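The values are calculated or read from the model by the stated rules, or taken from the named source; none is laboratory data. Source: prediction; values computed, not measured. Neighbour counts run over all protein chains shown; Cβ positions are idealised from the backbone, glycine included. SASA here: full protein model, heavy atoms, side chains in, ligands and nucleic acids out. Shrake-Rupley method; radii C 1.70, N 1.55, O 1.52, S 1.80 Å.
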Amino acid sequence: MLDAARRWRSVWRRNAWVWRKGARTALLGGFVEPLFNLLVLGFGLGSYVGRVSGLPYLDFLAGGILATSAMNAATFEGLYLAYTRMAVLKTWDGMLAAPLSLTDVVMGEVLWMGTKSLISAGLILAVLAGLGLAAGWAALGVLPLAFLAGVCFGSIALVVTSFARSYDFFVYYITLGITPMVLLSGVFFPSDSLPSAVRGGSECLPLLHVVELVRPLLAGDLDLGLFRHAAVLLAFAVAAIFLAIWRLQRRLTQ
């Protein structure tokens, strides 16, 4: 297991080294946009909405924006950048020519995607703390959760990438998968206000479980019942990792 971890780290370290050279631009895109959405919608729309689920709208929205940012960071990495490494630059071919298996490459990639989500969520959490929107030490629990969310959404994105023949293919996933998930997962309004049939379907969306965890953590409201949401995310992540390895094995050996 220790040898496997070293091989996964070599893939992670390669991606981190490349990312570091363009980190300023990457951070600007991944940090400023969600912060802009939070402040504009929170203060602007919040002045009309008032309290939602017992929270001021800005506080309510903060959890949803942070969760969405963690998802987007890993999804972008797992779609566009992973596809570039796989199909355009042929970086993975070089790795597989070295003493690395496809499982090593996938594990190194999903750990890097978890790290990207952790970085994105950490920056937003710092701003939320500065605004008084993160209460106490419990809010730090958002960081490992963001890493888990990154592994989950990154591995799902790798499954999508395994089917892609061009960048255009990702439009289907973003339009038909990511966008409805953001709207149905309680990011902007409570998911229990949805019709019962839709609400039942939204329970199957991983982003809803991230939001349900982040919001109470930011409010300092810990409850053991929240761990069921973490268990759901872990199940999504494990299933998607195995599926990604299987699909990419078929893709790269065709």
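Assorted remarks:
- Taking SER193, SER155, SER166 and ordering them by how much accessible surface each has at a 1.4 Å probe, largest first, produces SER193, SER166, SER155.
- Once C-alpha pairs closer than 8 Å and six or more residues apart are averaged by separation and normalised to the residue number of segment 185-254, the relative contact order reads 26 percent.
- The angle between the Cα long axis of helix 23-39 and the main principal axis of the chain comes to about 20°, on a 0 to 90 degree scale.
- Across the chain, the relative contact order, built from alpha-carbon pairs under 8 Å that are at least six residues apart, equals 25 percent.
- Inter-label distance for ASP192 and ASP3, nm, one decimal - labels placed 7 Å from Cα along Cα-to-Cβ: 5.2
- Helix axis angle, 2-21 relative to the chain longest principal axis, alpha carbon, degrees: 70
- Ordering of 63-70, 17-24 by packing [mean C-beta count within 10 Å, highest first]: 63-70, 17-24
- Net charge contributed by nearby residues that have their C-beta within less than 15 Å of THR25 (K/R +1, D/E -1): +2
- Accessible area of ASP59 in the full protein assembly, 1.4 Å probe (Å², nearest 10): 50
- The angle between the Cα long axis of helix 227-253 and the main principal axis of the chain comes to about 30°, on a 0 to 90 degree scale.
- Nearest-20 debye value, the chain charge dipole, Cβ charges on Lys, Arg, Asp, Glu: 880
- CD proxy at 222 nm, helix term only [per DSSP H run n ≥ 4: -39500 (n - 2.57); per residue of the chain; nearest 500]: -22500 deg cm²/dmol
- Computed from backbone phi, the HN-Hα couplings of segment 47-54 come to 5, 9, 7, x, 8, 10, 6, x Hz, rounded to whole numbers (Karplus: 6.51 cos²θ - 1.76 cosθ + 1.60, θ = phi - 60°; Gly and Pro given as x).
- Within the listed set PHE236, PHE43, PHE188, the residue fluctuating most in the Gaussian network model of the chain (springs between alpha-carbon atoms under 10 angstrom) is PHE43.
- Among the listed values (1) 64, 39, 35; (2) 66, 66, 34; (3) 58, 39, 35, the one computed from these coordinates for Cα extents along the principal axes in Å is (3).
- Per-residue ³J(HN,Hα) for segment 90-104, Karplus 6.51 cos²θ - 1.76 cosθ + 1.60, θ = phi - 60°, Hz, x for Gly and Pro: 6, 5, 5, 4, x, 5, 6, 6, 7, x, 10, 8, 4, 4, 4
- Per residue value of the accessible surface for the chain (all protein chains in place, 1.4 Å probe), Å²: 49
- Alpha-carbon centroid distance for the pair segment 101-150 / segment 2-59, whole angstrom: 8
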